[in-house]
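First comes the structure, then the notes that go with it.
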Amino acid sequence: MKPLERKAEDLRDIFHGLVKHFKLVNSAAANASHDRLNMQELRVVEFIGENGPKIMRELAEELGVAVNTVTGIVDELEEMKLVSRQKSPKDRRIIRVELTDSGRTTFQEATDLTRRFMGNMLESLTEEEQEIFMVLFRKIARGAKSGAKALMTNAGGERAE
């Protein structure tokens, strides 16, 4: 095995471990309002919380799923009273999904928990190491984005933006 392949395998194992810990954090807050959400529902709440009201197509693009799949997710979130659908006053065909007060509380709890988790991870590093890590992780994220686009193009799929 080539050195880069070995490192890529090690990186995969590290990411699997991190993903496992992220999943544990998402389900760890037993009394938090977001513990009843699945990953896609939580992602919708986070996306709207971070970016404001969105139409179904935008939510589908963010999740990488079909619009009819997002409709089911939004139906569930609406039933839990975390989101509401609002018709545009300018074009009644356009329906925006926005967080309710309960949805904003859920978003804030999830964000706070994630921030504490990330802070705990970074505390294992010195301030200098934290800065270096952030620079390198941003670089890795850019590489992951361009690598994913290249794989999608090479696999004959459409390029995802």
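Brief remarks on what is shown
- Distance between the modelled labels on MET39 and LEU122, one decimal in nanometres: 2.4 nm (7 Å Cα→Cβ projection).
- The protection proxy used here, the mean number of other Cβ atoms lying within 10 Å of each residue, ranks peptides 107-120, 83-96 as follows, highest first: 107-120, 83-96.
- Per-pair calculated FRET efficiency, R0 = 22 Å: ILE94 and LYS149 via Cβ, rounded to 0.05: 0.15
- Three-way shape call for the stretch 91-161 based on the alpha-carbon gyration tensor, with the a/c threshold at 1.5: oblate
- 5 angstrom amide H check on THR100, placed H, neighbours 5+ away: VAL83, SER84
- Under 27 Å between alpha carbons - lysine pairs in the chain that sit 8 or more apart or on different chains: 23
- Rounded if a/c under 1.5, otherwise prolate or oblate - the chain, Cα gyration tensor axes: oblate
- Over all other residues within a Cβ to Cβ distance under 11 Å of GLY49, the charged ones net out to -1, with Lys and Arg as +1 and Asp and Glu as -1.
- Rounded FRET efficiency, nearest 0.05, which uses the C-beta distance separating ASN68 from ARG6 and R0 of 45 Å: 0.60
- Computed from phi, the 3J(HN,Hα) profile of the stretch 39-50 under the Karplus parametrisation 6.51, -1.76, 1.60 (θ = phi - 60°) reads 4, 5, 5, 4, 4, 5, 4, 5, 4, 5, x, 7 Hz, with x in place of Gly and Pro.
- If a spin label sat at a point 7 angstrom from the Cα of GLU78 along the line to its beta carbon, the backbone N atoms of the stretch 47-64 nearer than 17 Å would be those of 48, 53-60.
Throughout, read-outs are computed from the coordinates displayed, never taken from laboratory work. This structure is a prediction, so every number in the text was calculated from the model and none was measured. Counting neighbours? That spans all protein chains shown, and the Cβs are built from the backbone with ideal geometry, glycine included.
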